[in-house]
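The block underneath contains the structure these notes are about, expressed in structure tokens.
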Amino acid sequence: MANPVVVVATFFPRAGQHDAVHAVIAAAQTDVHQEKGCLLYSLHETDDRFVLIEKWTSAEDLEIHLGTERLGQLVSDLEPLLDSDIEIVQLQPVAHPTGHKAAAL
């Protein structure tokens, strides 16, 4: 069985663009949730940033997502609204020494 992959993407809106960034990301969520292998695509926020937490069943499913036209359009729509590049971190699960799953996302 493939290992799940967690991705954390952080977006820093330009001044006055908070609502616009939220709208662009929120509009993509329904489509992404329907993609093969998408287990989680959850948007969170603070005063100065949005954090998107994604979980995919495998690296292969994530690669397919990364190649979709929808994701390309999302990035294009966001670029003029952001203060900086999107920060993306791809994570792999770390096994707990006892095999306990409580910490798994």
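Listed values, structure above:
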{"item": "Filter result (acidic (Asp, Glu) and surrounded by 13 or more Cβ atoms within 10 Å (Cβ to Cβ)) within region 25-47", "result": "Asp31, Glu35, Glu45"}
{"item": "Residue match in region 79-98 (condition: on the phi < 0 side of the Ramachandran plot, among the polar types (S, T, N, Q), over 11 Å from the mean Cα position of the chain (by Cα) and surrounded by 14 or more Cβ atoms within 10 Å (Cβ to Cβ))", "result": "no"}
{"item": "Options His22, His65; residue that is touching an Asp or Glu at 6+ places or on another chain (Cβ under 6 Å) and under 18 Å from Ile88 (Cα atoms)", "result": "His65"}
{"item": "Yes/no for Ala15 being closer than 14 Å to Gln90 by Cβ and either modelled with pLDDT of 95 or more or within 13 Å of the chain's Cα centre (by Cα) (or both)", "result": "no"}
{"item": "Close pairs (6 angstrom Cβ cut-off, 6 or more residues apart or separate chains): closer than 15 Å to Asp61 by Cα in region 24-37, of a type in the set (Lys, Arg) and crowded, with 16+ Cβ neighbours inside 10 Å anywhere", "result": "none"}
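The values are calculated or read from the model by the stated rules, or taken from the named source; none is laboratory data. Predicted, not measured: the structure shown is a model, and the values here were computed from it. Please note: Cβ atoms are built from the backbone with ideal geometry, for glycine as well, and neighbour counts cover all protein chains shown.
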